[in-house]
1. Of 57, 30, which residue is at pLDDT below 95 and β-branched (Val, Ile, Thr)?
2. Across segment 54-72, what is the total count of residues that are surrounded by fewer than 16 Cβ atoms within 10 Å (Cβ to Cβ) and small (Gly, Ala, Ser)?
3. Can you tell me which residues in segment 89-108 are touching a residue at least 60 places away in the same chain (Cβ under 8 Å) and in contact with an Asp or Glu (Cβ under 7 Å, 6 or more places away or on another chain)?
4. Please list, ordered by residue number, the strands (runs of 3 or more DSSP E) wholly in segment 73-126 having 1 or more residues that are at pLDDT 80 or above, in contact with a Leu (Cβ under 7 Å, 6 or more places away or on another chain) and open to solvent by 10 Å² or more (accessible area, probe 1.4 Å).
5. Would you point out the residue of segment 42-53, among those that are farther than 12 Å from residue 105 by Cα and small (Gly, Ala, Ser), that is surrounded by the fewest Cβ atoms within 10 Å (Cβ to Cβ)?
Amino acid sequence: MLTASDTGFLYLGEGFVKIRLAVVCLSALVAGCASTQTVLSGPVTETFHSPQSMKEVAFCLANKNNTAALEQEDGSRVVLIKNGYGGVSLAFSIYPEGTGSRIDYRKKFGTIGGVWKQCVGKTSAN
């Protein structure tokens, strides 16, 4: 009878094969997720102008989407909305503009719902 030690290969059983397959599939899913830098360096989908201050808009977007507003080196704020896999679906860069704010909206993937629309102005510049 030929054993694993005779062939030089170690057979760990079907369970190990299933786990390995699951890891490969999960890796493929994660690779398909967009990173923060990928989305933020992409083109702006639409620009909005709001009479609300940058801080008010950032707070609204973060609060309604159960996330945080990230302060950038230039003083602007970024709010990221992620999908169920942790990839960035929508990104909002919020800048002060006069007494209000400018919101650069970038869409990488579609998401369900649009509660974020309540936080941006009604006037689209693009």
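The values are calculated or read from the model by the stated rules, or taken from the named source; none is laboratory data. Quick caveat, the model's predicted, so the values are computed rather than measured. Virtual Cβ from ideal backbone geometry, glycine too; neighbours counted across all protein chains shown. To get the accessible areas, we keep the full protein, side chains included, count just its heavy atoms, and leave off ligands, DNA and RNA. Shrake-Rupley method; radii C 1.70, N 1.55, O 1.52, S 1.80 Å.
1. On the way: 57 fails: at pLDDT below 95.
Going through 57, 30 in turn, just one is at pLDDT below 95 and β-branched (Val, Ile, Thr): 30.
2. First, the residues of segment 54-72 that are surrounded by fewer than 16 Cβ atoms within 10 Å (Cβ to Cβ): 55-56, 63, 66-68, 70-72.
Next cut, small (Gly, Ala, Ser) only: 68.
Number of matching residues: 1.
3. The first filter runs over segment 89-108 and keeps only residues touching a residue at least 60 places away in the same chain (Cβ under 8 Å), leaving 104-108.
Hit for segment 89-108 is 105, nothing else.
4. Values: elements: 77-82, 88-97, 100-107.
Ranges flagged: 77-82, 100-107.
5. Of the residues in segment 42-53, the ones farther than 12 Å from residue 105 by Cα are 50-53.
This time we only want the ones that are small (Gly, Ala, Ser), so: 50, 53.
Working: 50: 20, 53: 15.
Among residues in segment 42-53 that are farther than 12 Å from residue 105 by Cα and small (Gly, Ala, Ser), the one surrounded by the fewest Cβ atoms within 10 Å (Cβ to Cβ) is 53.
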